[in-house]
Structures are given as structure tokens and as C-alpha cells.
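Worksheet: the structure to be examined is printed underneath.
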Amino acid sequence: MFDIAGPLRSWCAERREFALATVVAVSGSAPRGPGASLAVDAGGTALGSLSGGCVESAVHELCLDAIASGRGGVHRFGYSDDDAFAVGLTCGGVLDVLVTPVRGQDPVRPVLGSVLDAAAGGGRAALARVVSGPPGQLGRALAVHADGSWEGGLSGGAALDRA
């Protein structure tokens, strides 16, 4: 996500509505690995790339849907390497992509903004996100800073967040 951190930080500060799509798992060949991100705002403007073009169009639509509905999820995209090249795609393998809406008062907004602020200032922070579980928890985020402080939550209770 570092390749889009600057503009994405601006989107957070502007309180722009967007959806963030992040590769959370890869199997087989893929041009980009876990952490690769694509952000799409409500007007359709996109930042970043997940796969060098193999799935961007489909994920762009999923992001717009997530902004409109307020619901994200994990989506799987993939072909075997042989099938991918047979139809002219440059990437094969399987990508699992987490799409998270970041609208108005969504709880992920301040957490994401905090991690992006830390990165911009040369600080260190870790971002944990829920990628499996009940739909209401998907995409929830927890930021852990170098000093041990944390913000946000994974919706599993304070003990889980502290751990």
C-alpha cells in the first residue's frame, strides 16, 4: 500500500468516500503480492494496482459497489497459469482480495489515516485487518504503533485488541 500512501492519506484527510481493495493472499504466479492495493473513490478515480491489469476492472466495480452499499468482502480471482496464458492474460494464479468501504464515519477511516500519517512521518505502525469471519467484521482494522499504543478494533473485544 506504500505506493499509494500519499494520495490515500489525502483522501482520508479530505473525508473522501472510497473503497480500498487489498491483496490478502496469493497462490501460483501473480505480478504483485499480498499488500498490493487499489483504492477507488465514489467518482471512479483509481489509485494503485493489484495485478498489473488482470483483475483491476472487476475490482474497480466491486469497489464502487462497496461504496454504494457500505459492504465489503473477500473476493477470489484466478486462473491456472496454463489457462491464463491461453486467453492472453499476463498473470496466472489466484488472488484473494479484501474490499473495504471507507465512507463517512466508517471505523476503518481513522485507523487507516493514522497508519498513513505514521508512514508519511517516517514512523512505524502495523495495520491488522480482519479478512475472514462474519460480514460485519470483515475489513475492521487495528493500528499498533511502535510505542505499543493502538487504536481501532477487530470487533472481537478489548482483550483481543490488546493482545
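The values are calculated or read from the model by the stated rules, or taken from the named source; none is laboratory data. Computed from a predicted model, the values in this text were never measured in an experiment. As a convention, Cβ positions derive from the backbone with ideal geometry for all residues, glycine included, and neighbour counts pool all protein chains shown. Please note that ligands, DNA and RNA were not included when accessible areas were found on the heavy atoms of the full protein model with its side chains. Shrake-Rupley method; radii C 1.70, N 1.55, O 1.52, S 1.80 Å.
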State in Å² the accessible area per residue of the chain; use a 1.4 Å probe, count heavy atoms of protein chains only, and round to the nearest integer. 49 Å²
Dipole of the range 100-163, Cα-centred, from +1 at each Lys and Arg C-beta and -1 at each Asp and Glu C-beta, to the nearest 20 debye? 160 debye
Does anyone have the angle between helix 108-120 and the longest principal axis of the chain? Alpha-carbon axes, 0 to 90°, nearest 10? 90 degrees
Select from the range 109-152 those trypsin sites (Lys or Arg not before Pro) which occupy a DSSP coil region and have at most 14 other Cβ atoms within 10 Å, ordered by residue number. 124
Report, in whole Å, the centroid distance computed from the Cα atoms of the range 41-73 and the range 104-156. 20 Å
Once normalised by the length of the chain, the mean sequence separation of its alpha carbon contacts under 8 Å that are 6 or more apart gives a contact order in percent of 22 percent
Acute angle (nearest 10 degrees) that the helix 56-69 long axis makes with the longest principal axis of the chain, alpha-carbon atoms: 40 degrees
Viscosity 0.890 mPa s, temperature 25 °C: give me the Stokes-Einstein translational D for the chain in µm²/s, with Rh taken as the Kirkwood radius over C-alpha pairs. 152 µm²/s
Let me know the charge dipole size of the chain about its Cα centre in debye, to the nearest 20, where only the beta-carbon of Lys, Arg (+1) and Asp, Glu (-1) is charged. 440 debye
Using θ = phi - 60° and the Karplus relation 6.51 cos²θ - 1.76 cosθ + 1.60, list the HN-Hα couplings for the range 44-55 in order, rounded to whole Hz, with x at every Gly or Pro. x, 5, 10, 10, x, 7, 9, 8, x, x, 5, 10
